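A.B. asks: Got a structure for you, written out below as structure tokens; questions coming shortly.
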Amino acid sequence: LGDKIMLQAIVRDITERKKAEEQISILAHSLKSIYESVCITDIEGNIIFVNNSFCETFNYEYEKIIGKHFSNLISDTNPANIQNQILPSTLNNGWKGEVTCKRRDKEEFLSYLSTSIIRNDNGIPSALIAILVDITERKKSEEALRESEERFRSLIDNMIESAIIIDWNGKIIFANQSAARLVGLNDPAEGIGKRVYKFLHPDFIQKVTQSIDRIKSDPTPIIDEYKIRTVNGEDIWVE
């Protein structure tokens, strides 16, 4: 000013901006660190962000996957109706379901996919987000469990001995063919949901109730004799 050199300073309060930046940073780190595979695309489906789990799952380096279209990660073995549904449904209210994906080396795997729209502060769609979980191992476990249950059921159904499973209230939740024949039923399903006391001689209802109460606290097997009553009113002694 004139012959004097002065310093002009402009001060702006950036507290709110710093808070917003911190929140964005936390969100970004969270997305990068979570177990699920996260992918963000533009409205056309071109990938603009993936997290660490996504890169590991699909065997891509971050730089190599950015810019690719999301459809490149979906296997052609999926039914056509699924492939054609994902993007339109995402643009509508989102899409959820099981879908076969393919890694960088073309290896295919089953995943559970959930998609939705990301909107800006004005409510206008600005991006799409997809969250995937590799469920291959879970499906294998479910299949192994199903096969195990089928073997169990086949074994129990073909036993000569009568077998039933009841809950703590005495309600029958499983019975094999021999048990149905023993009490005069044509099919085990006819007894499911009924209380076991319906098939007992009245003098033995209390004894069975006491046995159930005892085994709640002491799981030692009980071997005893009881008198049951068939649907035709015939009394039979059983061990």
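A.B. asks: Using only the alpha carbon atoms of the chain, find the Kirkwood hydrodynamic radius as the inverse mean reciprocal pair distance, in angstroms to one decimal. Present the calculation step by step, with values, prior to reporting the outcome.
C.D. replies: Working: mean 1/r = 0.0411 Å⁻¹.
Hydrodynamic radius (Kirkwood, Cα only) of the chain equals 24.3 Å.
A.B. asks: GNM, the chain, Cα, under 10 Å: largest mean-square fluctuation among Ser114, Ser89, Ser217?
C.D. replies: Most flexible of the set in this elastic network: Ser217.
A.B. asks: Given the convex hull of the Cα atoms of the stretch 1-142, what is a quarter of its surface area in nm²?
C.D. replies: Values: hull surface 53.4 nm².
Averaged projected area of the stretch 1-142's Cα convex hull equals 13.3 nm².
A.B. asks: A further question follows. For Lys32, give me every one of the lysines with a C-alpha distance below 18 angstrom, ignoring sequence neighbours fewer than eight places off in its own chain.
C.D. replies: Leaving aside lysines fewer than 8 places away in the same chain, those within reach of Lys32 are Lys64.
A.B. asks: Where does the Debye-calculated log10 I(q)/I(0) of the stretch 66-203 sit at q = 0.17 Å⁻¹, using only Cα point scatterers of equal weight, no solvent?
C.D. replies: Computed log10 I(q)/I(0) values: -0.91.
A.B. asks: Excluding ligands and nucleic acids, what accessible area in Å² is computed for Lys4 using a 1.4 Å probe, to the nearest 10?
C.D. replies: 130 Å²
A.B. asks: With every protein chain in place, what's the accessible area of Thr209 (1.4 Å probe, Å², nearest 10)?
C.D. replies: Around 50 Å² of this residue is reachable by solvent.
A.B. asks: Related question: For the chain, which whole-number percentage of the solvent-accessible area (1.4 Å probe, protein heavy atoms only) is attributable to carbon and sulfur atoms?
C.D. replies: About 52 percent, which is the carbon plus sulfur part of the accessible surface.
A.B. asks: What are the ³J(HN,Hα) values, in whole Hz, obtained from phi via the Karplus relation 6.51 cos²θ - 1.76 cosθ + 1.60 with θ = phi - 60°, for each residue of the stretch 216-226 in sequence order, with x given for Gly and Pro?
C.D. replies: Karplus values, whole Hz, x for Gly and Pro: 4, 9, 10, x, 4, x, 9, 10, 7, 10, 9.
A.B. asks: In Å, what is the Rg of the alpha-carbon atoms in the stretch 11-62, and how long is Dmax?
C.D. replies: Values for the stretch 11-62 (Cα only, Rg and Dmax): 14.6, 48 Å.
A.B. asks: Solvent-accessible area per residue for the stretch 96-222 at a 1.4 Å probe radius, Å²?
C.D. replies: Normalised by residue count, the accessible surface of the stretch 96-222 is 65 Å².
A.B. asks: Within the stretch 112-239, how many lysine pairs that are 8 or more places apart, or on different chains, have C-alpha atoms less than 21 Å apart?
C.D. replies: 12
A.B. asks: Another question about this same structure. Could you work out how far apart the two model spin labels at Asp3 and Glu137 are, taking each label as a point 7 Å from the Cα in the direction of the beta carbon, and quote it in nm?
C.D. replies: My value for the distance between the label points is 8.2 nm.
A.B. asks: Here's a follow-up. Which whole-Hz couplings ³J(HN,Hα) result when phi for each residue of the stretch 16-28 is put into the Karplus expression 6.51 cos²θ - 1.76 cosθ + 1.60, θ = phi - 60°, listed in order with x for Gly and Pro?
C.D. replies: The phi angles translate into 5, 5, 5, 4, 5, 4, 5, 5, 5, 5, 4, 4, 4 Hz.
The values are calculated or read from the model by the stated rules, or taken from the named source; none is laboratory data. Predicted model, so just to flag it, every value in this text is computed and none were measured. With ideal geometry, Cβ positions are generated from the backbone for all residues, glycine too; neighbour counts draw on all protein chains shown. Heads up: the accessible areas ignore ligands, DNA and RNA and are worked out on the full protein's heavy atoms, side chains in. Shrake-Rupley method; radii C 1.70, N 1.55, O 1.52, S 1.80 Å.
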